[in-house]
Every structure is written in structure tokens, then in C-alpha cells.
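Everything below concerns the one structure shown next.
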């Protein structure tokens, strides 16, 4: 997982409320056991005019020119701006994977589905919750200026917009540390390997029967 101390990039506006995880990455693309290859199918039903089929290569798809992410001014965007209750619905971890693999480092919205928020943060996708008024201001600013960009200071928990506008946001201290240091759950566990081995040694010494398994039941 890459370190996220500062995120700077163009903003793409997804002006829809209650975007659920099936809209973010439709169910037919969840059959793969790999954690890669989902970016091309992000928002698949809105992004393409043909039906999403995992067996059809992206080069043979029919893009919808009206969808925001297909518009030239937003193709290099790395920050997604959304409306309230983004990421509601099922708990699929593929949703933040798809956003990350499509090039997004952060999503800004007035509210998020709880499971989506947790899945995003533990996979290195920053979710920034701002007020309805602040989010609406950003939507207006993005529409008015092509190439509108933001800088997000994760350590300071601030979103910096042009002309000196600054918006603060809340972030759990543990998740903040993981984002800044690039720690996913596996890396975090490995960083405590010595402590884990010491605990196992002491536990085995105090409970030798547990280390060797329970005795077989009498016949």
C-alpha cells in the first residue's frame, strides 16, 4: 500500500446521491479471485453503452461519451467528488479496489456507507467527509473551472482549494497512521512479528498442551 501524506490532483464530479457498491463495480465482475483488473469496469453500467461482460476486452466496449469519467477534462482525475451516501449497499471490497485501480486516491462526499468507508481506508483509498454546503461549493467550482484541482494534506486533515479555501475533515488516528505510513493489515501484522513470536513463546510455555494439541479422546 503506498504512502498517502499529500494527495494533489484534478477533481471529477459524480453528481449522484446513494451510489451503491454494485454501481461502483457490478456483481458480474466479482468472480475473479485476483485483486487487480477492476479499474476498467468502474461504474461499468454508466461508463459504457453496451452490457458489461467480463469476457469482453475493454477495447471492444462502447463508451458512453456523456458519462463524466469519459469526458476529456476528467480523464486524468485522481480525486472523485460525490454526493451523500456514497458506497452504500453490499460490503464488497472490490469497490475501493476498482476506484484505486482507475487512478483515484481519494473520494470526497458528505457521507459514506460505513462498510465502504472502512474497506476504503484499510486499502489506502482516502475518504473525506465534508458538509453538504462545502461539497456543493466544490461541485460549483469544478463545473466553473476546467482542470480544477485540490490538494489534500492527510497529516493536517485539510482540503486545500484554489484562492485559499481550506476545509478540515475528521480522520480516525489509527487509519491516519496507516495511510501516512502505507500500512495495510498484513504489513501492520508483519511489523509486529517480534512481539507476536514472543507472545507465542510465552503462551506455549504457559500452556504446553495447547502447543502440541489436545490428547486424543479415550477409546
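The values are calculated or read from the model by the stated rules, or taken from the named source; none is laboratory data. Remember, predicted model here, so these are calculated numbers, not experimental data. Backbone-built Cβ (ideal geometry, glycine too); neighbour counts: all protein chains shown.
Observations on the structure shown:
- Residue 120, sole failed condition from (1) under 23 Å from residue 27 (Cβ atoms); (2) within 11 Å of the chain's Cα centre (by Cα); (3) not in a helix (DSSP H, G or I): (3)
- The residues of segment 1-25 that are touching a helix residue (DSSP H, G or I) at 6+ places or on another chain (Cβ under 7 Å) and crowded, with 20+ Cβ neighbours inside 10 Å, listed by number, are 4, 11, 12, 13, 14, 21, 23, 24, 25.
- Annotation: residue 72 fulfils all but one of (1) buried (at least 20 other Cβ atoms within 10 Å of the Cβ); (2) under 24 Å from residue 151 (Cβ atoms); (3) out of contact with any helix residue (DSSP H, G or I) (no Cβ under 8 Å at 6 or more places or on another chain); the unmet one is (1).
- Against the numbered list (1) in a loop (DSSP other than H, G, I, E, B); (2) in contact (Cβ under 8 Å) with a residue 12 or more places away in the chain; (3) surrounded by fewer than 19 Cβ atoms within 10 Å (Cβ to Cβ), residue 51 comes up short only at (2).
- Summed over segment 123-151, residues that are outside any strand (DSSP E or B) and either more than 15 Å from residue 80 (Cα to Cα) or touching a helix residue (DSSP H, G or I) at 6+ places or on another chain (Cβ under 8 Å) (or both) total 13.
- Taken together, the residues in segment 152-179 that are in a loop (DSSP other than H, G, I, E, B) and closer than 23 Å to residue 116 by Cβ amount to 6.
- Hey, residue 144 exposed (fewer than 11 other Cβ atoms within 10 Å of the Cβ), closer than 30 Å to residue 74 by Cβ, under 17 Å from the mean Cα position of the chain (by Cα) and modelled with pLDDT of 95 or more or not: no
- Residue match in segment 99-113 (condition: buried (at least 17 other Cβ atoms within 10 Å of the Cβ), within 10 Å of the chain's Cα centre (by Cα), farther than 28 Å from residue 166 by Cβ and in contact (Cβ under 8 Å) with a residue 12 or more places away in the chain): yes
- Verdict on residue 60 being surrounded by fewer than 16 Cβ atoms within 10 Å (Cβ to Cβ) and under 18 Å from the mean Cα position of the chain (by Cα): no
- From the options 129, 134, 143, residue that is in contact (Cβ under 8 Å) with a residue 60 or more places away in the chain and either in contact with a strand residue (DSSP E or B) (Cβ under 9 Å, 6 or more places away or on another chain) or under 30 Å from residue 94 (Cβ atoms) (or both): 143
- Enumeration of residues in segment 24-48 that are within 19 Å of residue 75 (Cα to Cα) and part of a helix (DSSP H, G or I): 24, 39, 40, 41, 44, 45, 46, 47
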